[in-house]
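Q: Right, I'll just put the structure down here and ask away after.
The values are calculated or read from the model by the stated rules, or taken from the named source; none is laboratory data. Note that this is a predicted model, so its numbers are computed, not measured. Reconstructed Cβ throughout: ideal geometry from the backbone, glycine too, with neighbour counts over all protein chains shown.
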Amino acid sequence: MKPKKKEHWDLIIEPNRSLLNIKLKQLFRYRDLLIQMVLRDITVVYKQTVLGPIWFFVQPILTTVIYVFVFGRIANISTDGIPGPLFYMGGIVIWNYFADCFNKTSDTFVQNAGVFGKVYFPRLISPLSVVISNSIKFVIQIVLFLVIYVYYFATTGNLQPQISLLGLPLFIILMAALGLGLGLIFSSLTTKYKDLKFLIQFGVQLLMYATPIIYPLSTIPEKLQFYFKLNPITHIVEGFKYAFFGIGYFNPVWLLYSTAVILLVLILGIIVFNKTEKDFMDTV
């Protein structure tokens, strides 16, 4: 009797036993799927809408108009001499990027349960596709912000762009990483605690008011500023405004603090996500 030949498999699917094993090679192998999911995320949102992708521009414009009227005219909140539309638009664009990444990735397991239960692919592709698709939306909206910025730069002459403007890609990456990290954590929690998803959007709104989006950090009483600085998003938003306007709070040490906190959140998010990925189908 001939001994059996040892079988050779091209692909072995096995559970992810390491909590920090991201399998970058596997993510790269599924890059075509990632591209398709990014396109899906972009088209599905505005499918069968009258304005379609024009909403990318309409949303920040309408929000800016409301903020100018409510916080600028009625509440009379200072903008440190920066034109109101420009001040609010800058804060809205970068905040929306974080909020969209966080809100949409926090629902990864629940929204994709049907697909995850039938087809194998690296689960991290789903939240990554959300972050990338939101990056495209952010680029479109930052172009709108730059158009308004150039107008005020040419007409007022009060804007003083800083060398820290070169750090804009870092601000964007940090916001994406924080949104992804928090989204991975809450996505894992909502598989077991379904009612948690109802608190996420409310929590994001509260976090926005604890971040200098509708007001500059300089308007906060000095004895309370330290607590606002503990919010890692504060230094990204203030750094973003300082880079474009030359007005705002920018401290490299505090930015380093924000970077460290965001990296810890992202690592924790990956650990929790990988742990939940193994048995989430039993709880969804």
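Q: Let me spell it out: the conditions are (1) in contact (Cβ under 8 Å) with a residue 12 or more places away in the chain; (2) within 29 Å of residue 74 (Cβ to Cβ); (3) exposed (fewer than 14 other Cβ atoms within 10 Å of the Cβ), and residue 192 meets all of them except one. Which number is the exception?
A: Failed condition: (2).
Q: Among the residues of the stretch 19-33 satisfying the criterion of being among the aliphatic types (A, V, I, L, M), in a helix (DSSP H, G or I) and surrounded by 14 or more Cβ atoms within 10 Å (Cβ to Cβ), which is modelled with the lowest pLDDT?
A: The residue in question is 27.
Q: Note down all Cβ pairs under 8 Å where the first residue falls in the stretch 155-166 and is of a type in the set (Gly, Ala, Ser), the second is in a loop (DSSP other than H, G, I, E, B) and surrounded by 10 or more Cβ atoms within 10 Å (Cβ to Cβ), and they're at least six residues apart or on different chains.
A: 164/250
Q: Of everything in the stretch 249-269, what is in contact with a Lys or Arg (Cβ under 9 Å, 6 or more places away or on another chain), surrounded by fewer than 17 Cβ atoms within 10 Å (Cβ to Cβ) and not polar (S, T, N, Q)? Give them in sequence order.
A: Within the stretch 249-269, just 257 meets the criteria.
Q: Enumerate the pairs (first residue in the stretch 259-284 and of a type in the set (S, T, N, Q) and part of a helix (DSSP H, G or I); second residue anywhere and at pLDDT 90 or above and surrounded by 14 or more Cβ atoms within 10 Å (Cβ to Cβ)) with beta-carbon separation below 7 Å, excluding pairs fewer than 6 apart on the same chain, so at least 6 apart or on different chains.
A: 259/174
Q: Do any helices (runs of 4 or more DSSP H) lying entirely in the stretch 178-253 carry at least 2 residues that are within 18 Å of residue 97 (Cβ to Cβ) and of a type in the set (Val, Ile, Thr), and which ones are they?
A: 197-209, 232-245
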